[in-house]
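Step one of this worksheet: look at the structure below.
The values are calculated or read from the model by the stated rules, or taken from the named source; none is laboratory data. What you are looking at is a predicted structure, and each value in this text was computed from that prediction instead of being measured. Every residue, glycine as well, gets a Cβ built from its backbone with ideal geometry; the counts of neighbours run over all protein chains shown.
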Amino acid sequence: MDQYFIIDFDSTFTQVEALDELARISLRKHPNREEIYKQIEDFTNAAMEGKLSFSESLANRVKLLEANRDHLKQLITHLKKKVSTSFSRNSNFFKQHQDNVYIVSGGFKEFITPVVTDYFIKRENIYANTFVFDENDNIIGYDAENPLSQEGGKVKLLKQMNLQGEIFGIGDGYSDFQLKESGLIKKFFAFTENIERKSVAEKADHITPSFDEFLYINKLPRAISYPKNRIKCLVVGNVGEEALEQIRKEGYDIRQKETVEDRYLEEAGVLICDEANQPTPEQLENAERLKVIGCLGRVASRKLLETACENGIIIFDDPKNNPRNEDFIPRRVIGFMNEGKTHMSCNFPDLQPPRNDNAHRIIHIHTNVPGILAQINEVFARHNINIVGEFLVTNSQIGYVITDIQAGYSQHVLNELKAIDHTIKFRLLY
């Protein structure tokens, strides 16, 4: 059965509400701009939460805009920089499924089309409103005959489209939920990467904090193997806002604690700590999910470094207590989690592999004994898998292998790689 993906634009495909942003451009010099901005935002939120009909909200917002085509050009430039992070990194999904992806929005084609077509979405699969202009290119209204300008417009449109197959809806607003309520789609996913509207989220089939989560749940091709919102990041001690913001932008599930408690460390994939609050070697023995530690200061002991290495846990620290370590440490942690980079680690061998977006990347950490690389490559050869790139570095304790392979392999391959003797940690990175 064919699958179709109905995706909202404002606060879903992009991080912002486009009409709100257009108002900030067109009313920049207006003496009462802050008051008008607030009115427009209130109309937006009321409609998205189902407290005001969409048609009434739209009419009121457009009336307040005082915008023209030049303002729209500025808006498009702005919106291209505001595509939601998890959407932008999954452009390959849109390329592979361009016949089945639809943008359905109460926004306007004039600014939606130039943004989403950069992501392989077909023009004929974009459904949105259209502005009406006067002879001086000022926006004076919109096409009121378009069903998307009306209350329940997405439901009316989807009935007209008559798609035959499984239909999934992804959005942040009440009009997106109405598709589920109408029975026209199989599942509604409330998208909360940019904003969570409780009145919508509580009615959704699933809350998806990122597009990665949606793709993961539905076993679809994706840029990263495991959604970051499912990886817990434990933050302990005096960790400043700059470091927290970098981690937060990556989408990790952050938990802040005053000390390193066993139960939270055992659930964590990432640990960010200060010099005064570090785990013990004994705690690391039971932290099976932990992949990386970022320490804003000097690591407590050689024993801690060695135990971490033996358990496949990389550590980045800042022994000089550089005032910029709140930027330096998170960047190193993120570089490892996203691309497998170990540069400037204090316990792993140094490796800075170039990113390969046309391959799948596998990380294999093992005890440093002879023959492991040969066993890894034997698995690939037996399954006729082409190796695009391969990197091996070692120290006295471990071997660290990154292999980039072409797509088109089964789960059995991954299971065989995990089962190789002396494997410490194995991860499909992307």
- What's the number of the condition Gly153 fails, among (1) in contact with a Pro (Cβ under 9 Å, 6 or more places away or on another chain); (2) more than 22 Å from Val16 (Cα to Cα); (3) of a type outside the set (Lys, Arg)? (2)
- Task: Please go through the stretch 393-430 and pick out each residue that is farther than 22 Å from Asp357 by Cβ and either in contact with a helix residue (DSSP H, G or I) (Cβ under 7 Å, 6 or more places away or on another chain) or of a type in the set (D, E, K, R) (or both).
- Result: Gln397, Ile398, Gly399, Glu416, Lys418, Ile420, Asp421, His422, Lys425
- When (1) of a type outside the set (Gly, Ala, Ser); (2) modelled with pLDDT of 95 or more; (3) under 19 Å from Ile224 (Cβ atoms) are applied to Leu428, the one that fails is (2)
- Task: Could you identify the single residue in Ile365, Ile372 that is touching a His at 6+ places or on another chain (Cβ under 6 Å), crowded, with 18+ Cβ neighbours inside 10 Å and outside the structural domain of Asn90 (by TED's automatic domain parsing)?
- Result: Ile372
- Task: For the stretch 180-203, enumerate the residues that are assigned to a strand (DSSP E or B) and either surrounded by 18 or more Cβ atoms within 10 Å (Cβ to Cβ) or aromatic (Phe, Trp, Tyr) (or both).
- Result: Phe188, Phe189, Ala190, Phe191
- Wholly enclosed strands (runs of 3 or more DSSP E) of the stretch 320-430 bearing at least 3 residues free of Cβ contacts under 8 Å to residues at least 60 places away in the same chain and touching a Ser or Thr at 6+ places or on another chain (Cβ under 8 Å): 387-394
- Message: Looking only at helices (runs of 4 or more DSSP H) that lie completely in the stretch 204-299, which have at least 2 residues being under 21 Å from the mean Cα position of the chain (by Cα) and touching a residue at least 40 places away in the same chain (Cβ under 8 Å)?
- Response: 211-217, 241-250
- Task: For Lys257, state whether it is among the basic types (Lys, Arg) and touching a Gly at 6+ places or on another chain (Cβ under 6 Å).
- Result: no
- Message: Against the condition farther than 26 Å from Ile167 by Cβ, touching an Asp or Glu at 6+ places or on another chain (Cβ under 8 Å), free of Cβ contacts under 8 Å to residues at least 60 places away in the same chain and of a type in the set (Val, Ile, Thr), how does Ile40 come out, does it pass?
- Response: yes
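So that you can scan it fast, the table gives a plain yes or no per residue for (1) assigned by TED's automatic domain parsing to the domain that holds Val260; (2) surrounded by fewer than 20 Cβ atoms within 10 Å (Cβ to Cβ); (3) at negative phi; (4) acidic (Asp, Glu):
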| residue | (1), (2), (3), (4) |
| --- | --- |
| Arg289 | yes, yes, yes, no |
| Gly294 | yes, no, yes, no |
| Arg298 | yes, yes, yes, no |
| Arg302 | yes, yes, yes, no |
| Leu305 | yes, no, yes, no |
| Lys320 | yes, yes, yes, no |
| Phe348 | no, no, yes, no |
- Just for the stretch 393-410: of the residues that are surrounded by fewer than 19 Cβ atoms within 10 Å (Cβ to Cβ) and under 24 Å from the mean Cα position of the chain (by Cα), which one is farthest from Tyr430 (Cα to Cα)? Gly408
- Message: If I ask for residues that are within 12 Å of Ala223 (Cβ to Cβ) and free of Cβ contacts under 8 Å to residues at least 60 places away in the same chain, which ones from the stretch 92-114 would you list?
- Response: Phe94, Lys95
- Query: When you look at Glu241, is it under 30 Å from Glu306 (Cβ atoms) and in the same structural domain as Leu304 (by TED's automatic domain parsing), yes or no?
  - Reply: no
